[in-house]
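Reading through the structure tokens given below for one structure.
The values are calculated or read from the model by the stated rules, or taken from the named source; none is laboratory data. Since the model is a prediction, treat every value here as computed from it, not as a measurement. Positions of Cβ are backbone-derived with ideal geometry, glycine not excepted, and every protein chain shown enters the neighbour counts.
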Amino acid sequence: MSFNGVLRTSVSGMNAQAARLASSADNIANSDTTGYKRTSTQFSSLIPESCTGHISSGSVITHVRNEISTQGSLEYTSSVTDLAITGEGFFVVSDEGGASTLTRAGAFVPNADGELVNSAGYYLMGYPVNNGITASVANGFAGLERVSVFDVALEANASTQGVLQVNYPSNAALVAPADLPSANAATAEFTGKTSLVAYDNLGNEVILDIYASKTASETWEIAVYDRADAAPSGAFPYAAGPLVTDTLTFDPTTGDLTGGSPTSMTIAIPNGQPMILDLSDASQLAADYTVLEATVDGNAPSGIDLLEIGSDGMVYASYDNGERVAVYQIPLATVQSPDRLRPMTGNVFQTTQDSGDIQIGIAGQVGFGAIVAGALEESTVDLASELTTVIEAQRG
């Protein structure tokens, strides 16, 4: 073994300890970085083949291990857009160029456009929710877009669907044809009345007065008026006739609608859309006129009053008018070997051949952790341990 070989071997050991110092220095520098995952340096020996009676010096090989799968402690905050993950999974984020990566750094804050951006400048990605449906993809980033809290301002939606479930009293008195609400006379009589709020194309409220009158045995007339046309007294006669009238017939033995009876009404909302009012669960029993269910879709324009993010990543916008709407679904991403991901600048990770392919899913499902709103995952660095490592590396 030559003296040159001794020097080369010794230098490789010093370089290995320098790499260990560098990883500890990174850890110490990021001890307060949200979502940072500690790295450690491990050594293995490299022994060259030697001839009999002759020894050749080897060297040491450095292996850097990224402890990405280690769970950090949670620090709770007062911001609903601060997000943490308990368990497996990563947030999907993108840079300015649209390239998607993974991160556990969930300190997201709305920018000037309302897009949620973390401290490293990466945008949180999510699936937009349209009519309660998300176009999620299990094995890639397709369909994801930047989550924006400004773009979820509620637009006016015209009413198109409604449900009215009423029990009509079987022992109600009959109403004479001349006094039926459909005749729109001042002497109009009716057995029951229900008013529903619907919305036109601009989000204006349209109050529908729905009158029910028994015209014959097991037979009821339903007449719908626009409240805006009501007389000054608030009743008949209306300035215009009914928006729609129809006749319901009931089975005398069951109290349910007969097969020949209509089960819905189409109401022409003034300055709005045709609204289908479902009456299929109506009944005629020996009880009072009782409204069991009355719902109408649509809404008036309203500002956001509150933003909520559930443990499954569903983002809800609560509006001033009491409406609560799901607007985004924040997914989580996993890989088969998280510790084999490649760390990148900005506390993000990229997949490698060793890490395995991306799998996208919903928080709370099998294989995915839960999202905690109003919390941040702390760095997994332990300062005492890192300082001890520095001393050991300097000694080495």
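Filtered by the rule that a residue be closer than 30 Å to Gln17 by Cα and aliphatic (A, V, I, L, M), the stretch 359-386 gives Val381, Leu383, Ala384.
Of the residues making up the stretch 90-117, those that are touching a residue at least 60 places away in the same chain (Cβ under 8 Å) and more than 16 Å from Gln350 (Cα to Cα) number 2. Starting from residues that are among the β-branched types (Val, Ile, Thr) and in a strand (DSSP E or B), keep the ones in the stretch 231-266 and report whichever is farthest from Asp209 (Cα to Cα). Once the filter is applied, the top-ranked residue is Thr249. Mind checking whether some residue in the stretch 312-319 is surrounded by fewer than 19 Cβ atoms within 10 Å (Cβ to Cβ), of a type outside the set (Phe, Trp, Tyr) and more than 30 Å from Ala212 (Cα to Cα)? Yes, the stretch 312-319 contains a residue that is surrounded by fewer than 19 Cβ atoms within 10 Å (Cβ to Cβ), of a type outside the set (Phe, Trp, Tyr) and more than 30 Å from Ala212 (Cα to Cα).
Scanning the stretch 175-206 for residues that are surrounded by 14 or more Cβ atoms within 10 Å (Cβ to Cβ) and among the aliphatic types (A, V, I, L, M) yields a count of 8.
Only one of Leu332, Leu306 is under 21 Å from the mean Cα position of the chain (by Cα), surrounded by fewer than 14 Cβ atoms within 10 Å (Cβ to Cβ) and either modelled with pLDDT under 90 or closer than 27 Å to Ser119 by Cα (or both). Can you tell me which? Of Leu332, Leu306, the one residue that is under 21 Å from the mean Cα position of the chain (by Cα), surrounded by fewer than 14 Cβ atoms within 10 Å (Cβ to Cβ) and either modelled with pLDDT under 90 or closer than 27 Å to Ser119 by Cα (or both) is Leu306.
Checking Gly132, Gly72 one by one, the residue that is in contact (Cβ under 8 Å) with a residue 12 or more places away in the chain, within 15 Å of Val315 (Cα to Cα) and either crowded, with 21+ Cβ neighbours inside 10 Å or among the small types (Gly, Ala, Ser) (or both) is Gly132 and no other.
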